[in-house]
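The values are calculated or read from the model by the stated rules, or taken from the named source; none is laboratory data. In this text, all values refer to a predicted model and were calculated from it rather than measured experimentally. Because the Cβ atoms are built from the backbone with ideal geometry, glycine has one as well, and the counts that use them run over all protein chains shown. When the accessible area is computed, the model is the full protein with side chains, heavy atoms only, and any ligands, DNA or RNA have been set aside. Shrake-Rupley method; radii C 1.70, N 1.55, O 1.52, S 1.80 Å.
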Amino acid sequence: MSGARIIDGKAVAAQVRADLKGKVEALKAAHGFTPGLAVVLVGEDPASQVYVRNKGQQTKEVGMNSIEHKLPAETSEADLLALVDALNKDPAINGILVQLPLPKHVNAEKVLNSIDPDKDVDGFHPVNVGRLWVGERALVPCTPTGSLILAKSVQESLSGMDAVIIGRSNIVGKPMAALLLRENCTVTVAHSRTRDIQSVVKLADLVVAAVGIAEFVKGDWIKPGAIVIDVGINRVEVPGGKAKLKGDVAYEEAAAVASAITPVPGGVGPMTIACLLKNTLQAAQMQRGIEVTA
Ligand code: GUN
């Protein structure tokens, strides 16, 4: 039995996009230009192709320009660096996203670090990581930004809450910690070496699960009334059936004790592209010296 409010990520993402659409129109009317997002896809990874197609569609839906560069898997690192350099210099391009994973012969860190930090809409560049941690205006990774918006859709002020993040990745766990500190949470980052992790999670008013292990967090780890944000998207094979998507949290069990919880799919997932578009508008406004409304 589910007692928790189910946080509808699809609906919140649609609201974020509708809001962005209005802001893009206002920008065009006042300043006569349209933000542009360049997405670079190397190779033919099927999941990446789906992401890139969705990104392109949603970028156009909010009224921004989508520029796609689809390159063969054999593309050399030098050619990729040259493309990023050209996009860095192109005034029609406000945001650059190089889709991961990149082929093995390419040094992904080198390519990502060659993106102009002011166009780095993934927020992965060390300059943006530093800006986030010191509290300067930064481009912040999309998944933690989306997770924060969902938590705040339940409770506007998170101030004073005990937050436990499970997972310490550069893409989710670490930036999530910075964002929740900025919201005045008391933040704990738990990970694979954390001792007695369930007792740590049990103290949390807000749990953000980003470990990448299906149903890792059990219902009896959750403090009654906690808000649970599940970042996990794990494909689980069902014997004789189609693969199912499972989160990092045992959903039914956790929903029986939490006050609010994100489902998988339909929770954090749909927020990621919406936040990418928000970052693109923010980047465009920052580059043009216009007040940031994104
Ligand atoms: N591949 C899967 N998710 C992402 C993402 O958020 N950014 C990039 N650049 N590649 C990805």
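Summary table
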quantity	calculated
Set LYS70/LYS242; LYS28/LYS174; LYS174/LYS202; LYS21/LYS223; LYS119/LYS246 screened for pairs whose C-alpha atoms are more than 27 Å apart	LYS70/LYS242; LYS28/LYS174; LYS21/LYS223; LYS119/LYS246
Calculated over segment 1-50: convex hull of Cα atoms, volume per residue (Å³)	113 Å³
Cleavage-rule hits, GluC sites (Glu not before Pro), segment 252-294, DSSP coil, Cβ neighbours within 10 Å at most 14	GLU291
Taking only Cα atoms of the chain, radius of gyration then Dmax in Å	19.3, 57
Loop trypsin sites (Lys or Arg not before Pro), segment 189-236 (other Cβ atoms within 10 Å of the site Cβ: 12 or fewer; DSSP)	ARG193, ARG195
Anchor LYS110: aspartates and glutamates whose Cα lies under 19 Å away (excluding residues fewer than 8 positions away in-chain)	GLU74, GLU77, ASP79, ASP85, ASP118, ASP120, ASP122
Charge dipole of the chain about the Cα centre (unit charges at C-beta), most positive-ward option of ALA284, VAL231, GLY22	GLY22
Carbon + sulfur, % of accessible area of segment 1-80 - ligands and nucleic acids excluded, 1.4 Å	51 percent
Average accessible surface area per residue within the chain, 1.4 Å rolling probe, Å²	47 Å²
Cα pair distances in segment 1-119, grouped into 10 Å bins until the bin that holds the longest one, percent each	12, 36, 30, 16, 5, 1
Projected-area mean, segment 160-294, by convex hull of Cα positions, square nanometres	9.7 nm²
Average projected area [Cα convex hull, segment 64-176], square nanometres	8.8 nm²
Loop trypsin sites (Lys or Arg not before Pro), segment 96-169 (other Cβ atoms within 10 Å of the site Cβ: 12 or fewer; DSSP)	LYS104, ARG137
The chain: Cys lacking any partner C-beta under 4.7 angstrom	CYS185
Solvent-accessible area, 1.4 Å probe, carbon plus sulfur percent, for segment 152-213	47 percent
Accessible surface of segment 84-125 [probe 1.4 Å, protein heavy atoms]: carbon and sulfur percent	55 percent
Quotient of Cα Rg and 2.2 N^0.38 Å for segment 130-201, N being how many residues it contains	1.09
When segment 84-138 is reduced to its Cα atoms, the Kirkwood hydrodynamic radius in Å	11.9 Å
Burial ranking of peptide ranges 44-50, 204-210 (average Cβ count within 10 Å, highest at the top)	204-210, 44-50
